[in-house]
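Data block below; observations after.
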Amino acid sequence: MTQHWRRFLARSTPPGAVLNFSVDEFVLEVAINLRYCLNLVHPTSECVDLAELVLLRARHYSEARMGDKSRLFAETEDALAQATRLLEIELEYCSTRGVKSNGNQVV
């Protein structure tokens, strides 16, 4: 079963070593991809809360990255990865719940 939300969630990860990193651009990209993820499932309130957490952690990550504080940068990167993983688990639940209740995949 293809889960289209996975593609959008994968686009919410930090871009790695890029010279022209923009805080606002990264946070906006994460927000857009999270919106697509939530539109592809029947989100629970927990799912929405976790998406908001991912967005908050993306902002913290971006600000730490631009602040050139390597320790804080590493901590915020880990926090973003953990929040994204929790959201992935909840999206998986929402996705399978939608399939069971409708008899087919939610798209």
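The values are calculated or read from the model by the stated rules, or taken from the named source; none is laboratory data. Computed from a predicted structure; not experimentally measured. So basically every Cβ, Gly included, is an ideal-geometry build from the backbone, and we count neighbours across all protein chains shown. Just so you know, the surface numbers come from the protein's heavy atoms only, side chains and all, with ligands and any DNA or RNA stripped out. Shrake-Rupley method; radii C 1.70, N 1.55, O 1.52, S 1.80 Å.
Heavy atoms of the protein chains alone define the surface here; on that basis region 34-75 has 62 Å² accessible area per residue at 1.4 Å probe size.
Taking amide hydrogens as placed 1.01 Å from N in the peptide plane, the amide H of residue 42 sits under 5 Å from those of 98, each at least 5 positions away in sequence or on another chain. Apply the Karplus curve 6.51 cos²θ - 1.76 cosθ + 1.60, θ = phi - 60°, to the phi angles in region 26-34 and return the couplings in whole Hz, x for Gly and Pro. So the J values, rounded to whole Hz, are 5, 5, 5, 4, 4, 4, 5, 5, 5.
Between residue 56 and residue 7, the simple spin-label model (points 7 angstrom out along Cα→Cβ) gives 3.1 nm. The phi torsions of region 90-95, fed into the Karplus equation with coefficients 6.51, -1.76 and 1.60 and a -60° offset, translate into couplings of 5, 5, 4, 4, 4, 5 Hz, rounded to whole numbers, with Gly and Pro shown as x. Take the Cβ atoms of residue 44 and residue 82, set R0 to 30 Å, and the FRET efficiency comes out at 0.95.
When peptides 20-31, 78-89 are sorted by average Cβ neighbour count within 10 Å, with the highest value leading, the order is 78-89, 20-31.
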